[in-house]
Amino acid sequence: MKIILATDFSNENKMLVPYALDLLRFAGGTIVLFHAYMDHFEVTDAKTMAEEAMKQSIDYLKDEIEKSGLTNIEIIPQLLDGYPEQQLLHLTRELQPDLVLMGTRGRGRKSFLEGSMSKSLMSKSPVPLLSIHEEYKYKPNNEVLYVTNFDKNDAASISRIFNILKPYHLHVHVVSFVMDGEPAKAAKQMRALEETLRYINLNGELCYKLIYNSSPKDAMKAYCEENNISLAAFIPHRKHFWDIFFRDKVTKSDFFDLHIPLLTFSR
């Protein structure tokens, strides 16, 4: 397995390391440690500072790998000059990793890995993107929420969840929030998705639920709390207004406000 771990070299960003090591624990693989700097100003030597920070990050990652008793993980540094989002997308298309792993910060906090960058990348990344809020306390990803709007790629995305998170004993909650109109149609679509997944060999458990509520955002938050959800997964749709998701149901910001890891898939 190959993972691009995008870092801004902050102490908060170190919380990504346990996730990377968990995902590589059994099969091993490669961690591509990525950082982009912009050396377009003469005030500071951004390249020299980034090179020193990269060296420290590699040393830290090696120490954590050794502490974990792992011997089958390769580290490849990628330090690039340019805008972070553009460079990360270019590297992802070039290397075709299994996953991009990155941290995010809350609204209004500007930095290399600010929340708006994560939201933008969700709809653009050609590979699955796992983004983790800086305040989240690590725990195994056993209880996973998959929010569906009955996209044609649902079955493939759910299958990829089991493949990416196979070190965990997964219980995936396939949930759709129904606000109005056609509950019979939603029930029929959910039965069809369940029938499709029945013929896919998935190493874990699945449950299916339709939630009827006039406030999907509140319903999703309550469901996550009641079921101890440790990760939420979904397919972000490209829209003219970038933060609209599932039409008027749930926005990307609503997912970010859960403050739990988010796993997204390109369509």
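Observations on the model:
- The charge dipole of the chain, taken about its Cα centre with unit charges on the Cβ atoms of Lys, Arg (+1), Asp and Glu (-1) only, comes to about 920 debye.
- The residue among L129, I260, Y212 whose Cα reaches farthest toward the positive pole of the charge dipole of the chain, with charges on the beta-carbon of Lys, Arg, Asp and Glu, is Y212.
- Dividing the helix sum by the residues of the chain, where each DSSP H run of 4 or more adds -39500 (n - 2.57), gives a mean residue ellipticity at 222 nm of -11000 deg cm²/dmol.
- Of the GluC sites (Glu not before Pro) in the range 117-224, the ones in a loop by DSSP (not H, G, I, E or B) with at most 14 other beta carbons within 10 Å are E135.
- The peptide list 70-82, 147-159, 167-179, put in order of mean Cβ contacts within 10 Å with the highest first, becomes 167-179, 147-159, 70-82.
Read-outs throughout are calculated quantities, based only on the coordinates presented, and are distinct from any laboratory measurement. Bear in mind that the values here come from a model prediction, so they are computed numbers and not experimental data. Neighbour counts are summed over all protein chains in view; Cβ atoms, including those assigned to glycine, are modelled from backbone coordinates with ideal geometry.
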